[in-house]
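Q: Below is a structure I'd like to ask you about.
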Amino acid sequence: MKNKRFIMYGAILIIVFILIFIGYFIYKNIKKENKNSEFEYVPQEEISEEQLRQTVITLYFLDSNEYKLAPEARTIDSKQLVSNPYEVLINLLISGPKNEKLLKLIPDGTSLIKAELKEDTLFLDFSSEFVKEQNLGKEQEELIIKSIVNTVTELTEVNKVMFLIDGEKDKGFSDDGVTFNKEFIRE
């Protein structure tokens, strides 16, 4: 009877050692697999310096289907915005949209003479083509102003916009629609 107990305890002890041995090898293999996958990173592609300089801007144009302003996002090199971001934004508005469903609002022949920020007001000085004999109607003139104001107020430092024509204040569109005798804010 003592022999049977001794054999039974011996068998149990051998089974426990075998289970510990198997568990140890399983643990080592799992740890080894995790170690390999945890620290091995392979990038899909290297990011170039040019890609690091990219930024997204928002320009506002006329939606030809709904006859209201619609945003157009563009990715540009942020270096373009360093010296005078206001000129860059306005010149992109003057050039027109890339999206075929959007329409340019600023009249042809218009050029920006100067863009200058004073406190939180951006002074935009346009050539006379901006207002000359357009006869656009008050609704379209307001859309032109909103397009410009919404675009430049995307920049945090700009809260108001003052329009000048050939350096002069208090001008307006030739059909006596919208006049520039006040600062414009985003609506």
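Q: Would you give the gap between the C-alpha center of region 82-99 and the C-alpha center of region 136-187, rounded to a whole Å?
A: Cα centroid of region 82-99 versus Cα centroid of region 136-187: 16 Å apart.
Q: A follow-up question, please. Pulled fully out, how much extra length does the chain show between PHE25 and ASP120, if you take 0.36 nm times their separation in residues and subtract their Cα-Cα distance? Walk me through the intermediate numbers first.
A: On the way: separation 95, 0.36 × 95 = 34.20 nm, distance 6.92 nm.
So the chain would gain 27.3 nm between PHE25 and ASP120.
Q: Restricting things to alpha carbons, find the Rg to Rh ratio for region 138-187 using the Kirkwood radius for Rh.
A: 0.97
Q: Among the listed pairs LYS101/LYS160; LYS68/LYS169; LYS114/LYS182; LYS138/LYS171; LYS104/LYS171, which are separated by more than 26 Å between their Cα atoms?
A: Correct reply: LYS101/LYS160; LYS68/LYS169.
Q: Whole number please: convex hull volume per residue, Cα atoms of region 52-187, in Å³.
A: 105 Å³
Q: Next question. Taking the highest mean first, how do the peptides 73-83, 15-25, 100-110 order by number of other beta carbon atoms within 10 angstrom per residue?
A: 100-110, 73-83, 15-25
Every number in this text was worked out from the coordinates using simple rules, so none of it is lab data. On a predicted model such as this, the values are computed, not experimentally measured, just so you know. So basically every Cβ, Gly included, is an ideal-geometry build from the backbone, and we count neighbours across all protein chains shown.
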